[in-house]
Amino acid sequence: MEVVHKIGRRKTAVARVYVSEGKGNITVNKKDLKDYFTTATLQYKVKQPFALTENEDSYDVKVNVYGGGITGQAEAVRLALSRALCEINEEHRIVLKPEGLLTRDPRMVERKKFGQKKARKKFQFSKR
């Protein structure tokens with residue numbers, strides 16, 4: 001099996017994932033998964049596609065991720081891994097699709113408008 005390359009996005013985070021056969025090592029930006037994503041929740045999000053398809057120790061993963069915060073980055077990695085697993089084996093799609101792991105979340109931060117404090121919040125109105 002050659003290396004499978006996929007991209008995942010969430011908010012402003014972009015993750016490029018390179019999946020190859022191996023022992024289950026996950027490297028994020030040249031750091032170990034536990035060093036980059038320190039909380040257990042984020043580590044669970046990244047490993048979720050492997051857990052659902054029962055492939056925890058089958059593939060080595062190299063990830064380049066940038067932009068956004070750590071939660072957006074973790075969810076971008078999760079989407080990219082799900083897409084990669086579907087390319088490796090089309091039957092994984094049946095497991096991942098109902099869990100919502102193949103859906104790109106389109107929610108983004110709304111832009112700030114001029115003459116206002118934030119996107120929707122206005123400056124305080126003074127009648128007199």
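Throughout, read-outs are computed from the coordinates displayed, never taken from laboratory work. Quick caveat: nothing in here was measured; it's all calculated off a predicted structure. All Cβ positions, glycine included, derive from the backbone under ideal geometry; neighbour counts span all protein chains shown.
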About the Cα centre of region 1-92, how large is the charge dipole given +1 on each Lys and Arg Cβ and -1 on each Asp and Glu Cβ? Please answer in debye to the nearest 20. 620
So what are the radius of gyration and Dmax for the Cα set of region 59-99, in Å? 11.5, 32
What's the exposure ranking of Ile7, Ile26, going from fewest to most Cβ atoms within 10 Å? Ile7, Ile26
So what is the diffusion coefficient of the chain in µm² per second by Stokes-Einstein at 25 °C and 0.890 mPa s, using a Kirkwood Rh over Cα pairs? 155
For the pairs Lys31/Lys112; Lys11/Lys118; Lys11/Lys113; Lys6/Lys113; Lys6/Lys112; Lys30/Lys97, note any where the Cα-Cα span goes beyond 25 Å. Lys31/Lys112; Lys6/Lys113; Lys6/Lys112; Lys30/Lys97
Sort Lys118, Lys127 so that the residue with the fewest other Cβ atoms within 10 Å of its own Cβ comes first and the one with the most comes last. Lys127, Lys118
